[in-house]
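Some notes on the structure that comes next.
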Amino acid sequence: MKIKVSEDLNQNSEVLFLGIFEEDKENYQKFSKELANELQKALKEKTFSKKFGEIYSTRLPNLSSKKVIVLGLGNENEFSAEKVRQALGKAVNQTKNYKLTSFSTNIVLLANSLNKINPESLGRAAAEGILLADYSFTKYLAKERQEKKKPLDSVSLQWKSSSTLLTKGIKTGKVIAESTNFVRNLVDEPANVVNSLFLEKVAQKIAADSDKIKLKVLDKMELQKEGLNALLGVNLGSDNSPKLLILEYNGSDKNGYTALVGKGITFDSGGYNLKPTKYIEDMKTDMAGGAVVLGTIKAAAELGLKKNLLGVVPVCENMVSGSAQRPGDIVKAYNGKTIEIGNTDAEGRLILADALAYTEAKYKPEVMIDLATLTGACVIALGYYAAGMVGKDEKLLNELKFAGLESGDKVWELPFFDEYQDWMDGSISDLNNISAKGKGYEAGSITGGVFLSKFVEKAKWVHIDIAGSAYWAVDGDYLRKGATGSGVRVLSYYLLGN
């Protein structure tokens, strides 16, 4: 799709999207008296208001556009970069609902007139809102159904002054959005397609596309040799081979890595603690954290980030078979700690434990951020619109929280009090993979983070639980039901800002 910048509102577009703030009293009188009269009537009859998201649709005979849509932008003081994403997401959705393929809008120009958001941030938000809203997973649909969901051809953004910073922002936003959609494609794919070999090939392609990326893959034999037994134990019931994928991105001559570690469970049956109906069906998505790591490394290379990054993805499948891991089994992790398997469905923390400990021991990163669809408790606590976050480094937590608010890919800090720190201690082993305190299910998102913290020694570390934010059951303004790519934007903004 082409995102164009034009000094004039392109009246040849199939749809004209005109934004209007609540404070605007002119109601497009100068643009079209006919439109102004229609708006006045609609406002008086209360069939339209200027509240954010309200839509008034019409057709003006003197314009070549098939539709003119006025979109309420709400209060000027409450307008933000996220509102730009939401407004343009609505514009994309409305255009596609009318089965049209292009629109022109003045929304970005109006946002700039408020002098609240710099042009580069506006361009970034605009590209993200447009491209994320335009995403559809149509690979397995018949051709005629694919046609109904095909991407838009073009969007024209009106802009009056120098467009250098705006265009720079659009370029950055496009990379971030396309990398997010790359992740959504991976997560939306079925588990009979996405296995460990498939993800290895994806990583190979990412590495092949950049001379700054090297790929290292530890297969089953190497994992056994290195002693990543927590990872190996989870995969015992699967016919697919476990792997540890390590993408090394060298964008700077300076020493020191930021490591991104993502859970890559390609399907999670729960193991012998089998997941019930209405929970097991979406478990192809349990590799979303790993997909986010792959997508973020891809974005970093395309943006040319002046940083050194590690993208680490432990990949396996949690299945049931005669050889599968049992509740009550004890494994020795890479760092030597013993873990009793209290529940085979608390498997993500096991593979992350080995990945975190191995990454720190071998590469000594300054910062480690792990991402995982780790706990149902996080979905209950935060729903879809924010990922949960725990850690002890306040500076890193605050930087990620700020990046989340700026990107619209929000993360929210959960308490990590000292009182929680022994909740994962085992009775006959160093650790248990579920809490033995209370009834065993309290503070589930937090205790999952506590467990992971036992496998990090010196690095600044944060755990991000994307269980709710990675896969939505509802439509949003610019994200639809299904995979969202949650994690790519917040990490990209964090890395760009640091």
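Identify, please: which residue in segment 96-107 is surrounded by fewer than 24 Cβ atoms within 10 Å (Cβ to Cβ) and in contact (Cβ under 8 Å) with a residue 24 or more places away in the chain and is, among those, nearest to the chain's Cα centre (by Cα)? Step by step, filter segment 96-107, then rank; the result is 96.
Taking residue 372, is it within 20 Å of residue 494 (Cα to Cα) and either under 23 Å from the mean Cα position of the chain (by Cα) or modelled with pLDDT under 95 (or both)? Answer is yes for this residue. Exactly one condition in (1) in a helix (DSSP H, G or I); (2) over 22 Å from the mean Cα position of the chain (by Cα) is not met by residue 205; state its number. Evaluating residue 205 over (1) in a helix (DSSP H, G or I); (2) over 22 Å from the mean Cα position of the chain (by Cα) leaves (2) as the failure.
In segment 406-424, the residue that is surrounded by the fewest Cβ atoms within 10 Å (Cβ to Cβ) out of those that are free of Cβ contacts under 8 Å to residues at least 24 places away in the same chain and part of a helix (DSSP H, G or I) is 418.
In the set (1) over 24 Å from the mean Cα position of the chain (by Cα); (2) closer than 24 Å to residue 302 by Cα, residue 161 fails one condition alone, (2).
Quick one: which strands (runs of 3 or more DSSP E) sit completely within segment 269-375 and have at least 1 residues that are in the same structural domain as residue 463 (by TED's automatic domain parsing), touching a residue at least 60 places away in the same chain (Cβ under 8 Å) and over 20 Å from residue 435 (Cα atoms)? Steps first, answer last, please.
Working: elements: 308-318, 330-332, 338-340, 367-372.
It comes to 308-318, 367-372.
Just wondering, is there one or more residues in segment 220-243 that are crowded, with 24+ Cβ neighbours inside 10 Å, assigned by TED's automatic domain parsing to the domain that holds residue 344, touching a Pro at 6+ places or on another chain (Cβ under 7 Å) and closer than 26 Å to residue 175 by Cβ? Checked segment 220-243: no residue is crowded, with 24+ Cβ neighbours inside 10 Å, assigned by TED's automatic domain parsing to the domain that holds residue 344, touching a Pro at 6+ places or on another chain (Cβ under 7 Å) and closer than 26 Å to residue 175 by Cβ. Does residue 208 fit the bill of being surrounded by fewer than 20 Cβ atoms within 10 Å (Cβ to Cβ), free of Cβ contacts under 8 Å to residues at least 24 places away in the same chain, in the same structural domain as residue 281 (by TED's automatic domain parsing) and more than 18 Å from residue 487 (Cα to Cα)? Criteria met by residue 208.
Restricting attention to segment 383-401, and to residues there that are among the aliphatic types (A, V, I, L, M) and within 18 Å of the chain's Cα centre (by Cα), which single residue is nearest to residue 82 (Cα to Cα)? Before the answer, list the steps.
Residues of segment 383-401 among the aliphatic types (A, V, I, L, M): 386-387, 389-390, 396-397, 400.
Now narrow it down to the ones that are within 18 Å of the chain's Cα centre (by Cα): 386-387, 389-390, 397, 400.
Numbers: 386: 14, 387: 17, 389: 21, 390: 24, 397: 21, 400: 16 Å.
Going through the qualifying residues, I end up with 386.
Across segment 348-392, the qualifying residues are those that are surrounded by fewer than 21 Cβ atoms within 10 Å (Cβ to Cβ) and of a type in the set (Phe, Trp, Tyr), and the one among them that is nearest to residue 275 (Cα to Cα) is 384.
Listed by first and then second residue, the pairs with beta-carbon distance under 9 Å, at least 6 apart or on different chains, first residue in segment 487-498 and free of Cβ contacts under 8 Å to residues at least 12 places away in the same chain, second hydrophobic (A, V, I, L, M, F, W, C) and not in a helix (DSSP H, G or I), form an empty list. Out of 445, 427, 435, one residue alone is in the same structural domain as residue 290 (by TED's automatic domain parsing), surrounded by 17 or more Cβ atoms within 10 Å (Cβ to Cβ) and part of a loop (DSSP other than H, G, I, E, B). It is 435. Filtering segment 448-498 to residues that are among the charged types (D, E, K, R), surrounded by fewer than 23 Cβ atoms within 10 Å (Cβ to Cβ) and closer than 18 Å to residue 396 by Cα leaves 457, 458, 460. Every residue in segment 237-268 that is at pLDDT 95 or above, basic (Lys, Arg) and not in a strand (DSSP E or B), please. 263, the sole residue that qualifies.
Matching residues to (1) over 27 Å from residue 152 (Cβ atoms); (2) of a type in the set (Lys, Arg); (3) surrounded by 13 or more Cβ atoms within 10 Å (Cβ to Cβ):
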{"site": "2", "(1), (2), (3)": "no, yes, no"}
{"site": "11", "(1), (2), (3)": "no, no, yes"}
{"site": "19", "(1), (2), (3)": "no, no, yes"}
{"site": "30", "(1), (2), (3)": "yes, yes, no"}
{"site": "36", "(1), (2), (3)": "yes, no, yes"}
{"site": "47", "(1), (2), (3)": "yes, no, no"}
{"site": "51", "(1), (2), (3)": "no, yes, no"}
{"site": "54", "(1), (2), (3)": "no, no, yes"}
{"site": "57", "(1), (2), (3)": "no, no, yes"}
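Answer yes if at least one residue in segment 137-147 is touching a strand residue (DSSP E or B) at 6+ places or on another chain (Cβ under 8 Å) and buried (at least 20 other Cβ atoms within 10 Å of the Cβ), and no otherwise. No, because not a single residue in segment 137-147 is touching a strand residue (DSSP E or B) at 6+ places or on another chain (Cβ under 8 Å) and buried (at least 20 other Cβ atoms within 10 Å of the Cβ).
When 41, 25 are checked against the criterion of being basic (Lys, Arg) and not in a loop (DSSP other than H, G, I, E, B), a single residue qualifies: 41.
Condition check: within 28 Å of the chain's Cα centre (by Cα), hydroxyl-bearing (Ser, Thr, Tyr) and modelled with pLDDT of 95 or more. Does residue 113 satisfy that? If you could, list the steps in order and put the result at the bottom.
Numbers: within 28 Å of the chain's Cα centre (by Cα): no; hydroxyl-bearing (Ser, Thr, Tyr): yes; modelled with pLDDT of 95 or more: yes.
It is false that residue 113 is within 28 Å of the chain's Cα centre (by Cα), hydroxyl-bearing (Ser, Thr, Tyr) and modelled with pLDDT of 95 or more.
One line per residue, one yes/no per condition, for (1) surrounded by fewer than 22 Cβ atoms within 10 Å (Cβ to Cβ); (2) among the aliphatic types (A, V, I, L, M):
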{"position": "119", "(1), (2)": "yes, no"}
{"position": "124", "(1), (2)": "no, no"}
{"position": "131", "(1), (2)": "no, yes"}
{"position": "176", "(1), (2)": "no, yes"}
{"position": "180", "(1), (2)": "no, no"}
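Just one of (1) closer than 24 Å to residue 326 by Cβ; (2) in contact with a strand residue (DSSP E or B) (Cβ under 9 Å, 6 or more places away or on another chain); (3) assigned to a loop (DSSP other than H, G, I, E, B) fails for residue 452. It is (3).
The values are calculated or read from the model by the stated rules, or taken from the named source; none is laboratory data. Just so you know, these numbers come straight off a predicted model, no measurement behind them. All Cβ positions, glycine included, derive from the backbone under ideal geometry; neighbour counts span all protein chains shown.
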